1. Restricting attention to the stretch 105-120, which residues are open to solvent by less than 60 Å² (accessible area, probe 1.4 Å) and more than 22 Å from Tyr293 (Cα to Cα)?
2. List, please: which pairs have Cβ atoms under 7 Å, are six or more places apart or on different chains, and start with a residue in the stretch 49-66 that is over 23 Å from Phe83 (Cβ atoms) and end with one that is assigned to a helix (DSSP H, G or I)?
3. If only one of Glu176, Glu210 is more than 22 Å from Ala95 (Cα to Cα), of a type outside the set (Val, Ile, Thr) and without any contact (Cβ under 8 Å) to a residue 60 or more places away in the chain, which one is it?
4. Within the stretch 74-90, identify whether any single residue is more than 26 Å from the chain's Cα centre (by Cα) and not in a helix (DSSP H, G or I), and answer yes or no.
5. Would you check if Val289 is without any contact (Cβ under 8 Å) to a residue 24 or more places away in the chain, within 30 Å of Arg94 (Cα to Cα) and surrounded by fewer than 20 Cβ atoms within 10 Å (Cβ to Cβ)?
6. Go through the residues of the stretch 254-268 one by one and say whether even a single one is surrounded by fewer than 20 Cβ atoms within 10 Å (Cβ to Cβ), within 26 Å of the chain's Cα centre (by Cα) and over 24 Å from Val27 (Cβ atoms).
7. Just checking, does the stretch 253-260 include any residue being touching a helix residue (DSSP H, G or I) at 6+ places or on another chain (Cβ under 6 Å), in a helix (DSSP H, G or I) and closer than 24 Å to Val133 by Cα?
8. Among what's in the stretch 173-188 and is surrounded by fewer than 18 Cβ atoms within 10 Å (Cβ to Cβ), in contact with a helix residue (DSSP H, G or I) (Cβ under 8 Å, 6 or more places away or on another chain) and not charged (D, E, K, R), pick the residue that is farthest from Val256 (Cα to Cα).
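The values are calculated or read from the model by the stated rules, or taken from the named source; none is laboratory data. As the structure is a prediction and not an experimental result, all values here were calculated from the model. Every residue, glycine among them, receives a Cβ derived from its backbone with ideal geometry; neighbour counts consider all protein chains shown. In case anyone asks, the SASA skips ligands and DNA or RNA and just uses the protein heavy atoms, side chains included. Shrake-Rupley method; radii C 1.70, N 1.55, O 1.52, S 1.80 Å.
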Amino acid sequence: MRSYLLRRLLGMIVVVFLVLTIAFVLVRLAPGDPAALLLGPDATPSEVDALRVRLGLDRPILVQYLTFVMNALQGDLGRSLFFDQPVTQVLASRAEPTVLLALFSLIVALVIAAPVGIWAAYRRGSVLDQTSVTTAMLAASVPSFLTGLIFQRYLATDLGWFPVSGYGAAGAGFAERAWHLVLPSITLGITNSALILRFTRASMLDILGEDYVRTARAKGMTERRVVLRHALKNAGIPIITVVGLTFALLVSGAVVTERVFNLPGMGNLVVNAVLRRDYPVIQGTLIVVASLYVLVNLATDLLYLVVDKRVKY
């Protein structure tokens, strides 16, 4: 186990370093001058040049890169050009809506996908099975922004059941902020439930056809115990894998939903940072998302040990 963890940690460091390098290069290939955007169209060339010197944008690219890497190794992701604050502070202030949205959306997806996927596999070929597969394909095909706009139109505007947008008033409590996340969470949860449902169904179908499942039934075990204790437990590894990846995707891919519902999360932040050419914020967001991916993958692999004691590393 120690050697496995050491290999994984070394692999994580390499991945994050590669993402750091790619992010640094890509943001500088984009057209536009951050100094000119910050000062506006009325700025003189001398003012733009002075700001470039102050921000360090006049230095050679290699020098900027080495400085960025050395600072990142010390936990310093730079200073936002637009907010004039450390990037870590800017990201921390926007992390809560995104993380809560991802968690709530994952819960919604699991509540929908897990029982339906298990029942569809148990009743393979039934009307419920065919309906669930068709509905999952439809849910995966409809863009989340369209689902969000439909919910806003009918559930928020017409019926008034949920807030239309926003994250609550300034200083709002957790309950109010969570209430503003209900509709976005349902939107993302429905979209992402399709993948979990299909994986759950496929994994359960494989296990339900195994010899030990037929043996358990032959011994007189109830169908509920056969399905939930024997089949579901052994089908858990593929399901855990897709759930972990779904959570990482929800954190990094909630940009459109955050824009539709005007949530002050990391998705909205990175879109605005791209428009403003705020290099440090873009780089910092990419590094954080990449680190989240590798950490979720590691946590998922470690969960295999809890689900199935036969797994060895």
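1. The answer is Ala113, Ala114, Val116, Gly117, Ile118, Ala120.
2. Close Cβ pairs (under 7 Å, with a partner that is assigned to a helix (DSSP H, G or I)) amount to Ile61/Arg28.
3. Only one candidate passes the filter, namely Glu210.
4. Initial filter on the stretch 74-90 (more than 26 Å from the chain's Cα centre (by Cα)): 84.
Among the residues that remain, those that are also not in a helix (DSSP H, G or I) are: 84.
Scanning the stretch 74-90, I find at least one residue that is more than 26 Å from the chain's Cα centre (by Cα) and not in a helix (DSSP H, G or I), so the answer is yes.
5. It is false that Val289 is without any contact (Cβ under 8 Å) to a residue 24 or more places away in the chain, within 30 Å of Arg94 (Cα to Cα) and surrounded by fewer than 20 Cβ atoms within 10 Å (Cβ to Cβ).
6. Yes; the residues of the stretch 254-268 include at least one that is surrounded by fewer than 20 Cβ atoms within 10 Å (Cβ to Cβ), within 26 Å of the chain's Cα centre (by Cα) and over 24 Å from Val27 (Cβ atoms).
7. Scanning the stretch 253-260 turns up no residue that is touching a helix residue (DSSP H, G or I) at 6+ places or on another chain (Cβ under 6 Å), in a helix (DSSP H, G or I) and closer than 24 Å to Val133 by Cα.
8. Looking at the filtered set, the residue picked out is Ala178.
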